Each structure stands twice: as structure tokens, then as C-alpha cells.
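Accompanying notes for the structure given below.
The values are calculated or read from the model by the stated rules, or taken from the named source; none is laboratory data. Keep in mind that this is a model prediction, so the values were computed, not measured. All Cβ positions, glycine included, derive from the backbone under ideal geometry; neighbour counts span all protein chains shown.
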Amino acid sequence: MLLFERLSADYVYAKLSPEDRKEKYSILFTFYENESINAVLTLKSAEENAIKYTFPCAVFKLIENTSLTAVGITAKVSSLLAKNQIPCNVVAALHHDYFLVPVQRADEVSRLLKQLG
């Protein structure tokens, strides 16, 4: 049984500088890529700080702890969303998996994810 919770804020992807800190921008995730430092932060924080952003999204967290060696969770969720033409970005962290979907489709995603529960 897979149970999800939608995080309360809406989030966005943005490029940040090395000086930017989590506390200042309400950052959920940070990714260090060759091209730039990227973060998923709250839409509110991006707008309040005039940060250019992309992909306003809702974040759904898999409630139970997941193992980094678990098989099929991402495939199960992403195939359900793909069948419904819903883009999804996945972050597998140490304790939980997160599914980032377009904010305007969040209610639909919520209903679909309940099918997996």
C-alpha cells in the first residue's frame, strides 16, 4: 500500500548562487550540477525574492520510509501518471520519495495516487 501526502506549499525550480542559503529561500531540495546550482523552493519565496523560476509544481511525498534499494515504486507511480499524460519529476531521498507534478494538475494527481493506496 502506497500512501502520499501533498506538501502544503507550491514549489518551483530555480538556479541559485553558492551564497544562497536554505533558511533564506525556503529550499526543499538542492542539486549541484555542472551547469549550475539548482533548487526546488517555495513559489512564495521565489516571488518574494524576485528569483527567476520554472515549473510551478505540487510535491507529493510517499509517507512511509522507502529503501534506496526498493524496486518498482517509481515505475508504479510514473506509469500511472504517464497514462494520464501528467509530467512527473521524481526525487528519491534517503527516507522518502517525492513526486513533483504541475501545480494545475495537483487535484487530479491526488485522486490518481489514492488508487495506489
inquiry  = Which count do you get for residues in segment 47-59 that are crowded, with 16+ Cβ neighbours inside 10 Å and out of contact with any helix residue (DSSP H, G or I) (no Cβ under 6 Å at 6 or more places or on another chain)?
reply    = 2
message = Can you say whether S8 is of a type in the set (S, T, Y), surrounded by fewer than 16 Cβ atoms within 10 Å (Cβ to Cβ) and farther than 23 Å from P102 by Cα, as far as the supplied structure shows?
response = no
inquiry  = For segment 31-46, check the following and say yes or no: at least one residue is loosely packed, with under 15 Cβ neighbours inside 10 Å, in a strand (DSSP E or B) and of a type in the set (S, T, Y).
reply    = yes
inquiry  = I'd like the residue in segment 11-30 that is hydroxyl-bearing (S, T, Y) and in contact with a helix residue (DSSP H, G or I) (Cβ under 8 Å, 6 or more places away or on another chain) and, out of all such residues, is surrounded by the most Cβ atoms within 10 Å (Cβ to Cβ).
reply    = Y11
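For residues that are part of a loop (DSSP other than H, G, I, E, B), at pLDDT below 90 and aliphatic (A, V, I, L, M), scanning just segment 68-92, find the one that is nearest to V40 (Cα to Cα).
At the first step, the residues of segment 68-92 found to be part of a loop (DSSP other than H, G, I, E, B) are 68-72, 84-88.
Checking the rest, the ones that are also at pLDDT below 90 come to 68-72.
Subset that is aliphatic (A, V, I, L, M): 68, 70-71.
Working: L68: 21, A70: 24, V71: 25 Å.
Going through the qualifying residues, I end up with L68.
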ask   = Looking at (1) of a type in the set (S, T, N, Q); (2) within 23 Å of S78 (Cβ to Cβ); (3) out of contact with any strand residue (DSSP E or B) (no Cβ under 9 Å at 6 or more places or on another chain), which is the only condition T54 fails?
value = (3)
